[in-house]
1. Once R0 is set to 25 Å, what does the formula 1/(1 + (r/R0)^6) return for the Cβ-Cβ distance between B:Ser14 and C:Glu10, expressed as a FRET efficiency to the nearest 0.05?
2. If you take each beta carbon of peptide D:7-14 and count the beta carbons of other chains within 10 angstrom, what is the mean?
3. For region D:1-38, list residues with backbone N below 12 Å from a point placed 7 Å from the Cα of A:Asp69 toward its Cβ?
4. Anything over 22 Å Cα to Cα? Flag those among A:Lys80/B:Lys35; A:Lys80/D:Lys4; D:Lys4/D:Lys35; B:Lys4/C:Lys35; A:Lys35/C:Lys35; B:Lys35/C:Lys80, in the order listed.
5. Round to the nearest 0.05 the FRET efficiency obtained for A:Ala43 and B:Thr44 when R0 = 35 Å and r is the Cβ-Cβ distance.
6. If DNA, RNA and ligands are ignored and the probe is 1.4 Å, what is the ranking of B:Thr44, C:Thr63, C:Thr50 by accessible area, most exposed first?
7. Measuring nothing but label to label, 7 Å from Cα along Cα→Cβ, what are B:Pro68's distances to the other copies in nm, shortest first?
8. Mind jotting down the distance between the C-alpha centroids of region A:10-48 and region D:1-56, whole Å?
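The values are calculated or read from the model by the stated rules, or taken from the named source; none is laboratory data. Please read these numbers as outputs of a predicted model, since none were measured by experiment. Here the Cβ positions follow ideal geometry from the backbone for every residue, glycine too, while neighbour counts run over all protein chains shown. Heavy atoms of the whole protein, side chains included, go into the accessibility calculation; ligands, DNA and RNA do not. Shrake-Rupley method; radii C 1.70, N 1.55, O 1.52, S 1.80 Å.
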Protein chains: 4
Amino acid sequence: ATGKCRSTLEGHSSHVRAVSFSPDGQLVASASSDKSVRLWEAATGTCRRTMEGHSSHALPATTVAFSPDGQLVASASSDKSVRLWEAKRCEVKRRR
Amino acid sequence: ATGKCRSTLEGHSSHVRAVSFSPDGQLVASASSDKSVRLWEAATGTCRRTMEGHSSHALPATTVAFSPDGQLVASASSDKSVRLWEAKRCEVKRRR
Amino acid sequence: ATGKCRSTLEGHSSHVRAVSFSPDGQLVASASSDKSVRLWEAATGTCRRTMEGHSSHALPATTVAFSPDGQLVASASSDKSVRLWEAKRCEVKRRR
Amino acid sequence: ATGKCRSTLEGHSSHVRAVSFSPDGQLVASASSDKSVRLWEAATGTCRRTMEGHSSHALPATTVAFSPDGQLVASASSDKSVRLWEAKRCEVKRRR
């Protein structure tokens, strides 16, 4: 059988290198070679946040991870840094 | 000691780049360079779904993830998109 | 401060590409470019199982994952297959 | 909307290849091409431990993982070994 695609999350301008669900399943974080991390609503496929700052995203893999409480997203980069982003704030706004 | 291979999941036509268990352990999702994501029954090794749509799967790694409730599978691709696939539907059919 | 290395798990004959803890924390699975998956005791660093069968392990990343109940280990390979290995059996023997 | 960067974890001298939260969310482990693994406080972004010993970190991906109880960090390397590091000890010191 062929599986159904529920939504296609488009917006990154280059390769998507990693993807992770938030612990509550409401958000999807993606890390791209376009140097940004994006947060998307899983239910609708809408992009809620674009987080920029890394100067490089040349490396592949699990370079994006939610904290267990879903409040932070960590991203690793070939710019030698790890960045912690506020994801909770994003979720709060979503419910308004 | 030598470990025992329970099953070999064959069907992808190119490299398998990522693998993930569903939260209930009944399904295994795999992402391949053949641009498809497949869902397999862990108990039998049978392929239940082939999910196509990505135009590229050139990047390695954790580009496949189940949502915490097991209903969705997210896959990331070098085609610049993330896709969300319905996995739950697959599980329902399995039980008939 | 400098962190302490508790144990070094040696035995693979090539690059180690992925590592994962079992859900109960007692085992560590590793996937290597030597085409094998190994299971190690976390407490002692002893290798309990070497699981061979993949004809290639050229790809990086999270190509090794425990099932939620800890009974299976899934490994993905550039030989186009996913393999499921019995890890539970290993744990049972450990307790004798 | 644009997401807010809470902290930038700087200290690695080369690419950061993997990142993982501890199960309690208080620590972030990072693995870098500089051959070290670092443990950071998620709340403050302070580096608590630098763990060295691997002779190579050329491979990408999820080469860093916390044990389920948060006491150990496993790192995989192209030096053919897996290393287990004591993370618990780190957390104890943090609370003094």
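1. Working: r = 32 Å, r/R0 = 1.29.
Given R0 = 25 Å and the Cβ-Cβ separation, E is 0.15.
2. Numbers: counts 7, 8, 7, 5, 3, 6, 1, 2.
That average works out to 5.
3. From region D:1-38, the list is D:24-27.
4. Details: A:Lys80/B:Lys35 31 Å; A:Lys80/D:Lys4 19 Å; D:Lys4/D:Lys35 30 Å; B:Lys4/C:Lys35 15 Å; A:Lys35/C:Lys35 33 Å; B:Lys35/C:Lys80 12 Å.
Cα-Cα > 22 Å for A:Lys80/B:Lys35; D:Lys4/D:Lys35; A:Lys35/C:Lys35; rest within.
5. On the way: r = 32 Å, r/R0 = 0.90.
FRET efficiency, A:Ala43 to B:Thr44: 0.65.
6. On the way: B:Thr44 80, C:Thr63 0, C:Thr50 25 Å².
Result, largest first: B:Thr44, C:Thr50, C:Thr63.
7. Result for B:Pro68, in nm, nearest copy first: 1.2, 1.2, 1.7.
8. 21 Å
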